[in-house]
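None of the figures in this text is laboratory data; all of them are computed from the coordinates on show. Given the structure is predicted, the values throughout are model-derived calculations rather than measurements. Methodologically, a virtual Cβ is constructed for each residue, glycine included, from the backbone with ideal geometry; neighbour enumeration extends over all protein chains shown.
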Amino acid sequence: LKELNDQFGSFYLAAAAYDGGPGRISRGLARYADDFQDTTGDDLYFQLADKDYLRRETREYVPQLIAAALVAKDPRRYGMDIKPESAFVYDSVRVPPLTPLAAIAKASRTSVAAVESLNPQILRGMAPPDDSLDVRIPLGSGARFDSLFAALPRSDRVGAEYVRSKSGQYFATIARKHELTAHDLAEFNPRVRRYRSGHLVPGQDVLVPTRAVVAAARAIPDPSIERYATAGGRYVVRKGDTLGRLALRYHTTVRRLMELNGLHRPLILIGQTLRVSGSVRRAAAHPAAKKKPAKGKRR
């Protein structure tokens, strides 16, 4: 909003641009420039709104934002007694690829559940296989994290390994050697190619997680929506996008989008990648409890 305010010189125009896109606002101002010669500042927004040029959603969004700002400034005046939540505080550390949640918990001297609650964006029980990851840990845990993490055995610090697929192998063939199921491997390897017979195309790297990582993973209906898979189920934020507009587009709610993406405020940035579908339910423990089959497309 600050950048848009600097661009248009009006908070109201900035809000309209945030909802409807700065290009549309710029085109509107240019189209009716002759009518706006003596108009400046916030009055430009109301003049533009009177032209019936803005979409209805944008015309309604700006007054709603103004109303929200007025209420936030003096909530008691409008009959609201707001009780602020405690500050969301944490330490942030960077961990290598494939670091399991259990290792993060040990090095920060807390529980896996505590790490999960601070990092709902970690879906597979560990950091992604190709990228190091900034993770949140309880406040005060960061000072000794690196030394405690380095002291852990390598088997604790790495949550998966790669094996090369061979001719004639199925997922089940590899899974049996590691006391996993074919379904487990398929969920962690949505890009691995298979023949119609079900055999794996030889020469591919297959990611094999530990049983502990599988137990910590969260159930999702389609692996294409999560970080190790393809772009399906994800959306890159563009100018003018809001969580409200995306919620309408993808038939969900703002609260749901915030939950899926680990957001604590309904604010998004241009270029940010968001998950727009899926589930964050905990997966059943493996192998003691039976695992409920994931819904959706199976590969």
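For a test of understanding, tell me how many lysine pairs in the chain have Cα atoms under 28 Å apart, given they are 8 or more places apart or on different chains.
Taking the chain as the scope, the lysine pair count is 18.
Not counting the cut sites, what is the longest span of the chain without GluC sites (Glu not before Pro) that DSSP labels loop and that have at most 15 other Cβ atoms within 10 Å?
Numbers: sites that count: E85, E179.
Maximal segment without exposed cleavage sites: 180-299.
Among Y170, Y78, which comes first, second and so on when ranked by fewest other beta-carbon atoms within 10 Å?
Y78, Y170
Fewest to most neighbouring Cβ within 10 Å: what's the order for R94, R157?
On the way: R94 12, R157 20.
Taking fewest neighbouring Cβ atoms as first place, the list is R94, R157.
Give the value in nm², to one decimal: projected area of the alpha carbon convex hull of the chain, averaged over all directions.
Values: hull surface 83.8 nm².
If you wrap the Cα atoms of the chain in a convex hull and average its projections, you get 21.0 nm².
In µm²/s, what is D for region 45-176 at 37 °C and 0.692 mPa s, where D = kT/(6 pi eta Rh) by Stokes-Einstein and Rh is the Kirkwood radius from Cα pairs?
The Stokes-Einstein estimate is 169 µm²/s.
Residue by residue, what Karplus-based ³J(HN,Hα) values in Hz, rounded to whole numbers, does region 53-69 have, using 6.51, -1.76 and 1.60 with θ = phi - 60° and x for Gly and Pro?
Values per residue, Gly and Pro as x: 8, 6, 5, 4, 4, 5, 4, 7, 5, 4, x, 5, 5, 4, 4, 4, 5 Hz.
What is the sum of charges, Lys and Arg at +1 and Asp and Glu at -1, for the other residues whose Cβ falls under 10 Å from the Cβ of G21?
+3
Each residue of region 127-136 in turn: what ³J(HN,Hα) in whole Hz from Karplus with 6.51, -1.76, 1.60 and θ = phi - 60°, glycine and Pro shown as x?
Whole-Hz 3J(HN,Hα) from phi for region 127-136: 5, x, x, 10, 9, 5, 9, 7, 10, 8.
For region 1-102, taking Cα atoms only, what is the radius of gyration to one decimal and the Dmax to the nearest whole Å?
Cα radius of gyration and Dmax of region 1-102 are 20.0, 65 Å respectively.
Counting each DSSP H run of 4 or more residues in the chain as -39500 (n - 2.57), what helix-only mean residue ellipticity at 222 nm follows after dividing by all residues, to the nearest 500 deg cm²/dmol?
Mean residue ellipticity at 222 nm (helix-derived): -10000 deg cm²/dmol.
What number does region 91-157 give for Rg over Rh if you use C-alpha atoms and the Kirkwood radius?
My calculation puts Rg/Rh at 0.91.
Taking the beta-carbon count within 10 Å as an exposure proxy, list D34, D91 from fewest neighbours to most. The partial results should precede the final answer.
Numbers: D34 6, D91 16.
So the ranking, lowest neighbour count to highest, is D34, D91.
To one decimal place, what Kirkwood hydrodynamic radius in Å is obtained for region 165-205 from all pairs of distinct Cα atoms? Spell out each step's value before the answer.
Details: mean 1/r = 0.0993 Å⁻¹.
Its Kirkwood hydrodynamic radius stands at 10.1 Å.
Is region 234-277 rounded, prolate or oblate when judged by the Cα gyration tensor, a ≥ b ≥ c being the square roots of its eigenvalues, rounded requiring a/c under 1.5 and prolate requiring a/b larger than b/c?
In terms of gyration-tensor shape, rounded.
So what is the relative contact order for region 234-277, in percent, with contacts set as C-alpha pairs under 8 Å and at least six apart?
Contact order relative to length: 59 percent.
Calculate, in nm to one decimal, what A151 and E60 gain on full extension: separation in residues at 0.36 nm each, minus their alpha carbon distance.
On the way: separation 91, 0.36 × 91 = 32.76 nm, distance 5.68 nm.
Net length gain for the segment: 27.1 nm.
Explain nothing, just compute: Karplus ³J(HN,Hα) = 6.51 cos²θ - 1.76 cosθ + 1.60, θ = phi - 60°, for every residue of region 2-9 in order, whole Hz, x for Gly and Pro.
Per-residue couplings from phi come out as 4, 5, 5, 5, 5, 5, 9, x Hz.
If a/c stays under 1.5 just call it rounded; otherwise compare a/b with b/c (prolate if a/b is bigger, oblate if not). Do that for region 117-211, with a ≥ b ≥ c from the square roots of the Cα gyration tensor eigenvalues.
Cα axes put region 117-211 in the prolate bin.
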